[in-house]
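Participant: Let me give you the structure first, and then I'll get to my questions.
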Amino acid sequence: MSKVGIIMGSTSDMPVMQDAIDILKGFDIEVEVDIVSAHRTPDKLFNYGKNAHTRGINVIIAGAGGAAHLPGMIASLSPLPVIGVPVKSSNSIDGWDSVLSILQMPGGVPVATVALNGAKNAGILAAQIIGSSDKCVLDKVVAYKEGLKIKVEEGAKKVREGKGS
């Protein structure tokens, strides 16, 4: 079974990161959740980054606010795909510091970056990555996207009929 590692810099990131957990569980993908601070627990960060793939993790989602070094540091240590979630935190500059810290990675250390507080999309992207080699997950992603289309079509029909949203 595929597994996604979801890490974040502190417990204050959990309300945002819960969206990734929920969407992955909806795809029946196992998740491992932990707090790994790039600045306060560097030894744990190094251990996690170097060993996640040996524990059956297939994709890592890393959420961080402020300086947001966690996703990039994990990507520098791990051979796995890393998806960064910039989190607007209390010490953030409207979230832009987090977005740019995760987005502006040097060549050779890629981090797929989603929108500010975009953990749901990080979960969907992780499922799509796993789905590229797991037909069962791929079928669930296809069904999910079909559900999105149907929801929009139903909303459009209500608007055309004058029934509001």
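Participant: Can you tell me which of ASN117, ASN58, ASN121 is among the polar types (S, T, N, Q), surrounded by 14 or more Cβ atoms within 10 Å (Cβ to Cβ) and in contact with a Ser or Thr (Cβ under 7 Å, 6 or more places away or on another chain)?
Facilitator: ASN58
Participant: ALA122 is checked against (1) over 19 Å from the mean Cα position of the chain (by Cα); (2) at pLDDT 95 or above and fails just one. What number does that condition carry?
Facilitator: Failing condition for ALA122: (1).
Condition check ((1) among the β-branched types (Val, Ile, Thr); (2) at pLDDT 95 or above; (3) over 15 Å from the mean Cα position of the chain (by Cα)) across all residues:
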residue	(1), (2), (3)
ALA67	no, no, yes
PRO71	no, yes, no
GLY84	no, yes, no
VAL87	yes, yes, no
SER92	no, no, yes
SER101	no, no, yes
VAL109	yes, yes, yes
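Participant: In the range 1-17, how many are closer than 22 Å to HIS69 by Cβ and either in contact with a helix residue (DSSP H, G or I) (Cβ under 7 Å, 6 or more places away or on another chain) or in a loop (DSSP other than H, G, I, E, B) (or both)?
Facilitator: Of the residues in that region, 9 qualify.
Participant: Within the range 15-25, can one find any residue that is among the charged types (D, E, K, R), closer than 29 Å to LEU138 by Cβ, surrounded by fewer than 23 Cβ atoms within 10 Å (Cβ to Cβ) and in contact with a strand residue (DSSP E or B) (Cβ under 6 Å, 6 or more places away or on another chain)?
Facilitator: No: zero hits.
The values are calculated or read from the model by the stated rules, or taken from the named source; none is laboratory data. All figures in this text were calculated on a predicted structure; none of them were measured in a lab. As a convention, Cβ positions derive from the backbone with ideal geometry for all residues, glycine included, and neighbour counts pool all protein chains shown.
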